[in-house]
Amino acid sequence: MIKKLINKLLGKPDGAIATPLGKRVEISVEEHRIDPELLDERGVKVVKGLTDAGFEAYIVGGAVRDLLLSRRPKDFDVATDATPEQVKNQFRRAFIIGRRFRIVHVVYGRGREHEVIEVSTFRALLKEDDAEQVQGNEKTSKGALEGKSHVVDASGRVLRDNVWGPQIEDAARRDFTVNAMYYDPQKQMVVDYHGGLADARKKVLRMIGDPETRYREDPVRILRAVRFAAKLGFTIEPKTRAPIAAMAPLLANVPLSRMFDEMIKLLQTGHSLASIDELRKQGLARGVFPILDAVLDKEGKLPENVHGKFVRLALEDTDRRVAEGRSVAPSFMLASMLWGEVQQRWKRLMDGGEGPVPALQQAIDLVFDARVGDISGRGKLAADMREIWMMQPRFERRTGSGPHRLIEQPRYRAGFDFLALRAEAGEIDPALADWWEDFALGSEDDRRALLDQARETQRQGGPRSKPKAGGGRVHSVPRGAVSTQVAGESAAAIPFESDSGEAGDADGEGAPSPAKKRRRRRKPKAAGGAGAPAEGAGGDA
């Protein structure tokens, strides 16, 4: 009776709607036509290791979906009837992780070249009534969750789900039909319980079971629907789409760190602009992610102003790099998105009497507290973003030994890329970015000439003005002032700082001093056509 009353207050149906188990259909290679060349040898090795030990094992989920669409999957996950402990015992470097879902990471290789194959055990399909209920969440109810296998909170969100079951139930508890298929690479057979192959070919995203119930179990499925629709160009099936607006408030109960990770997946996996469009279509562009609230207008669009153009250029570059198989850093993308708010707070603090540098430092702290919050890894992320932002006023000072020190900074390239984007967006005079490009690439004689020209131009222009938020006065230096220009080289070839702070190119290889890089400036737009933005507005992940 009490549970029914709680359900009524929460607007939940009185009786749980059963999720259909589906029917096992085995699809041969003649029908599914998966190209074995797209398989990952280490994923196949994990499957073989488990089957040789007497267990069932399949490549599962998004990897199977992508293989059916003739895409090379980014990750290869494996599902098996072996328990996490049994999986761990089969591999030399395997680690059990997770509380909400216990899984095993099988690790191959070391350092930046390592690969992780994620192995999960088939899970049982349990009703909400079968679960124990706690009133709090992951943080506030740690004691109540201890030792329990299946727990939900008051809204029905699953906090623990570690009850093992058969494959047919494991398929039913997955979210969308296109993510609920299993592939046996040894037999070249796809196992499909819910018509996922047909939906993949029709480009339809369909929830398994009752969508409202499934969103209550895990509200992040709302964001996954948006992400897959944007990434794959799929249409969200009407019944799957219908409850999204009503269920969206449940996202407020999801841990902040998990929401942050989902936002990064939306914006940094090659389809950021499509994801923003899809969020707007589903009424989720505003009020879900504080960082997007700082960027998008009331209609959920990038504004038609300088900062909107700046963010669009950064996201376009991110999408392009991902499409080319290059890595990207969240620090650069997020620094681009929050730069407008940093500038606003910076200006207000300076108008209140703060000096430029202390004002910028305070503005950065305020923006982080307001838009990022307390998430895992914030310290490293904040440090990288802070360096990019704090470098911007330093580009205004082109005298003495300052320019030489600046170009030797480990993150100089990320700071310069940020400056170049600002120039292309029209926020600052492109002459400043041109000057630093020439200075970084020039010989010592070229650099002395550039410094002399900057001093002369400054002298003729009168005393320096007080620095302004986002950039001060820019004194033009003619292009071609140095003889080291490398004509016609692609900006895509220029390396960035890595997100780990190590200097290297976009593919993770070692690189010489930051000053010895090829040109990054974008070519002017051709008359009547759109110019191609420079590649790589971001560092290595």
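The values are calculated or read from the model by the stated rules, or taken from the named source; none is laboratory data. Given the structure is predicted, the values throughout are model-derived calculations rather than measurements. Here the Cβ positions follow ideal geometry from the backbone for every residue, glycine too, while neighbour counts run over all protein chains shown. Each accessible area value is taken on the protein alone, full model and side chains, heavy atoms only, with ligands, DNA and RNA left out. Shrake-Rupley method; radii C 1.70, N 1.55, O 1.52, S 1.80 Å.
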Taking the stated definitions as given, is residue 42 open to solvent by 10 Å² or more (accessible area, probe 1.4 Å) and touching a Phe, Trp or Tyr at 6+ places or on another chain (Cβ under 6 Å)? yes
Here the residues within region 402-439 that are farther than 21 Å from residue 314 by Cβ, out of contact with any Ser or Thr (no Cβ under 7 Å at 6 or more places or on another chain), in contact (Cβ under 8 Å) with a residue 24 or more places away in the chain and of a type in the set (A, V, I, L, M) are 407
Tell me which of these residue 96 doesn't satisfy, since it passes every other one: (1) open to solvent by 30 Å² or more (accessible area, probe 1.4 Å); (2) at pLDDT below 90; (3) not in a loop (DSSP other than H, G, I, E, B). (2)
Wholly inside region 155-256, helices (runs of 4 or more DSSP H) that include 3 or more residues that are of a type in the set (A, V, I, L, M, F, W, C) and under 26 Å from the mean Cα position of the chain (by Cα) are 220-232, 244-247
Please go through region 49-62 and pick out each residue that is modelled with pLDDT of 95 or more, more than 15 Å from residue 94 (Cβ to Cβ) and of a type outside the set (S, T, N, Q). 52, 54, 56, 58, 59, 60
Residues that are of a type in the set (D, E, K, R) and at positive phi, drawn from region 24-72: 33
Considering only residues of region 265-292 that are open to solvent by 30 Å² or more (accessible area, probe 1.4 Å) and in a helix (DSSP H, G or I), which is farthest from residue 372 (Cα to Cα)? 281
Odd one out for residue 214 among (1) among the basic types (Lys, Arg); (2) open to solvent by less than 20 Å² (accessible area, probe 1.4 Å); (3) under 23 Å from residue 27 (Cβ atoms): (3)
Looking at (1) open to solvent by less than 50 Å² (accessible area, probe 1.4 Å); (2) modelled with pLDDT under 95; (3) in contact with a strand residue (DSSP E or B) (Cβ under 7 Å, 6 or more places away or on another chain), can you tell me which one residue 102 breaks? (1)
Within region 413-435, can you find the residues that are open to solvent by less than 50 Å² (accessible area, probe 1.4 Å), outside any loop (DSSP other than H, G, I, E, B) and not small (Gly, Ala, Ser)? 413, 416, 417, 418, 419, 421, 422, 424, 432, 434, 435
Of the conditions (1) modelled with pLDDT of 55 or more; (2) surrounded by fewer than 18 Cβ atoms within 10 Å (Cβ to Cβ), residue 140 satisfies every one except a single condition; which number is it? (1)
Within region 218-241, the count of residues that are in contact (Cβ under 8 Å) with a residue 40 or more places away in the chain, of a type in the set (Lys, Arg) and either touching a Gly at 6+ places or on another chain (Cβ under 9 Å) or more than 11 Å from residue 282 (Cα to Cα) (or both) comes to 4
Hey, can you tell me all the residues within region 329-376 that are within 20 Å of residue 420 (Cα to Cα) and of a type in the set (Phe, Trp, Tyr)? 332, 339
If residue 95 passes every condition in (1) closer than 22 Å to residue 220 by Cβ; (2) of a type outside the set (Val, Ile, Thr); (3) in contact with a Lys or Arg (Cβ under 8 Å, 6 or more places away or on another chain) but one, which one does it miss? (1)
If I ask for residues that are open to solvent by 40 Å² or more (accessible area, probe 1.4 Å) and assigned to a strand (DSSP E or B), which ones from region 45-77 would you list? 77
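Any chance region 328-338 includes a residue that's over 14 Å from residue 226 (Cα atoms) and among the polar types (S, T, N, Q)?
The first filter runs over region 328-338 and keeps only residues over 14 Å from residue 226 (Cα atoms), leaving 328-338.
With the extra rule that they be among the polar types (S, T, N, Q), the set shrinks to 331, 336.
Checked against the condition, which is being over 14 Å from residue 226 (Cα atoms) and among the polar types (S, T, N, Q), region 328-338 yields at least one hit.
Only residues that are farther than 15 Å from residue 38 by Cβ and either surrounded by 16 or more Cβ atoms within 10 Å (Cβ to Cβ) or not aliphatic (A, V, I, L, M) (or both): list them for region 185-198, please. Don't jump to the end; show me each part of the working.
Here is the first cut: in region 185-198, the ones farther than 15 Å from residue 38 by Cβ are 186-187, 189, 191-198.
Passing the criteria: 186, 187, 189, 191, 192, 193, 194, 195, 196, 197.
Tell me the helices (runs of 4 or more DSSP H) entirely within region 296-412 that contain at least 1 residues that are acidic (Asp, Glu), in contact with a Lys or Arg (Cβ under 6 Å, 6 or more places away or on another chain) and open to solvent by 20 Å² or more (accessible area, probe 1.4 Å). Explain how you work it out, then say what you get.
Numbers: elements: 306-323, 330-351, 356-371, 378-394, 402-407.
Where helices (runs of 4 or more DSSP H) fall fully within region 296-412 and carry at least 1 residues being acidic (Asp, Glu), in contact with a Lys or Arg (Cβ under 6 Å, 6 or more places away or on another chain) and open to solvent by 20 Å² or more (accessible area, probe 1.4 Å), they are 378-394.
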Pairs where the first residue, in region 67-84, is within 24 Å of residue 201 (Cβ to Cβ) and the second is open to solvent by less than 30 Å² (accessible area, probe 1.4 Å) and of a type in the set (S, T, N, Q), C-beta under 6 Å, 6+ apart: 79/120
Pairs under 9 Å by beta carbon, first residue at positive phi and of a type in the set (Ser, Thr, Tyr) in region 103-121, partner open to solvent by less than 30 Å² (accessible area, probe 1.4 Å) and at pLDDT 85 or above, six or more apart or different chains? none
